[in-house]
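Written out below as structure tokens is the structure these notes cover.
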Amino acid sequence: MNPSVILIDDCSDLIEVFSEFLALRSIDVLATGSNGKEAVELYQRYSPDAVIMDYSMPNYDGLYGLKNILKINPDAKIIMFTGSADSGLFDKFKESGAALIVEKPGDFDSVVKMISMISNQHHSAKTDVITMKINSD
């Protein structure tokens, strides 16, 4: 069974390209959204193996989505993306229960590895946090 994800980002071009990339890597993209509120609604509807979510989005940011998804399922696996190098923000993600934190710009192949790791239950969202800076060079 292929790992399943929902993608949440307000950049529709990134969503489109990343969705196609994941599909080519046998990862099922069940749905996409553009803010934290949509993330919560889509999580409730689809119950994916992982959520890949940007932090900075209009109306409801990724931190809103992270906290509210974890209220629904404390074991949800959520990968947070951010363009910020603010360590305080990374601390907020960790404290809030993010499984993985990736600094943009990201390398899609590394994200695929993380999704496989999450879907195989090698990391618990409550005990292990990996913070990665992925270079796009």
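The values are calculated or read from the model by the stated rules, or taken from the named source; none is laboratory data. This is a predicted model, so every value here is computed, not measured. Here the Cβ positions follow ideal geometry from the backbone for every residue, glycine too, while neighbour counts run over all protein chains shown.
What the table shows:
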item	result
Some residue of the range 30-41 being surrounded by 17 or more Cβ atoms within 10 Å (Cβ to Cβ), acidic (Asp, Glu) and modelled with pLDDT under 95	no
Qualifying residues in the range 52-79 (those that are over 15 Å from LEU14 (Cβ atoms) and of a type in the set (A, V, I, L, M, F, W, C)) - the one nearest to the chain's Cα centre (by Cα)	ILE78
Matching residues in the range 42-85 - criterion: being part of a loop (DSSP other than H, G, I, E, B) and either among the aromatic types (Phe, Trp, Tyr) or more than 17 Å from ILE118 (Cβ to Cβ) (or both)	TYR55, SER56, MET57, PRO58, ASN59, TYR60, ASP61, GLY83, SER84, ALA85
Qualifying residue in the range 67-82 (condition: aromatic (Phe, Trp, Tyr), more than 20 Å from ASN120 (Cβ to Cβ) and touching a helix residue (DSSP H, G or I) at 6+ places or on another chain (Cβ under 6 Å))	no
From VAL51, VAL40, VAL17, residue being touching a strand residue (DSSP E or B) at 6+ places or on another chain (Cβ under 7 Å) and β-branched (Val, Ile, Thr)	VAL51
Scan of the range 50-77 for residues that are of a type in the set (Asp, Glu) and either closer than 12 Å to PHE93 by Cβ or surrounded by 22 or more Cβ atoms within 10 Å (Cβ to Cβ) (or both), ordered by number	ASP54, ASP61
Residues of the range 7-41 that turn out to be within 14 Å of the chain's Cα centre (by Cα), hydroxyl-bearing (Ser, Thr, Tyr) and not in a strand (DSSP E or B), as a count	2
Residues satisfying the stated conditions in the range 85-137, i.e. farther than 19 Å from LEU63 by Cβ, at pLDDT 65 or above and among the acidic types (Asp, Glu)	ASP107, ASP109
